[in-house]
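First comes the structure, then the notes that go with it.
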């Protein structure tokens, strides 16, 4: 009840009436617009080589030479860290794959030539590395309000990025640094997962119902012993 009253009080300033409501509504829309805003500027830098002609390793080295990274370059770089291979023939394929995995949101309407901003990179890094979500990401980011802004806070807390404005452009060297930290984070995550599996004493690739039944039986035998 108190929370409802505080919201009403914000929307209806003292002595505001209908005019006050309109003014407050415009203010709310401005704040929401800032929270939802992503990168919209087009990169004007023209590289000396076509990055699509480079293999994965050379592409990563190339990223370190660009003043600012593009959305297209960011998508390819993220998939290289996530999959360590390239089975995607075009940016369209990579983008569709990332949207399908929930690493990018289609509602952002990102274009390949846009400048990659820190909020977008943070969101992608958080999803690929399965970074634990903070309270704001859980309550607001899950339905799109400030999702990239709060993802940046989560990624900073995990040590993958330094803090800064989510709308600021990502420099090429910064992108390479984040990719390196992501790779280290994922390697440590794999080591932890493997250690937990070995600690249980049973490691089975469960691919169907029969395997699930066998796994449960072996686990029961292990506990009994």
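The values are calculated or read from the model by the stated rules, or taken from the named source; none is laboratory data. Since this is a predicted model, take the numbers as computed values, not measurements. With ideal geometry, Cβ positions are generated from the backbone for all residues, glycine too; neighbour counts draw on all protein chains shown.
Take the conditions surrounded by 14 or more Cβ atoms within 10 Å (Cβ to Cβ), modelled with pLDDT under 90, in a helix (DSSP H, G or I) and within 14 Å of the chain's Cα centre (by Cα) and apply them to residue 137. Does it pass? Taking the combined requirement at face value, the residue satisfies it.
Scanning region 166-182 for residues that are in contact with a helix residue (DSSP H, G or I) (Cβ under 7 Å, 6 or more places away or on another chain) and either assigned to a loop (DSSP other than H, G, I, E, B) or loosely packed, with under 15 Cβ neighbours inside 10 Å (or both) yields 166, 167, 168, 170. Going by the structure shown, is residue 104 part of a helix (DSSP H, G or I) and either surrounded by 13 or more Cβ atoms within 10 Å (Cβ to Cβ) or out of contact with any helix residue (DSSP H, G or I) (no Cβ under 6 Å at 6 or more places or on another chain) (or both)? No; evaluated as a whole, the condition is false for this residue.
Those helices (runs of 4 or more DSSP H) of region 10-92 in which 2 or more residues are modelled with pLDDT of 90 or more and under 22 Å from the mean Cα position of the chain (by Cα) occupy 56-63, 71-83.
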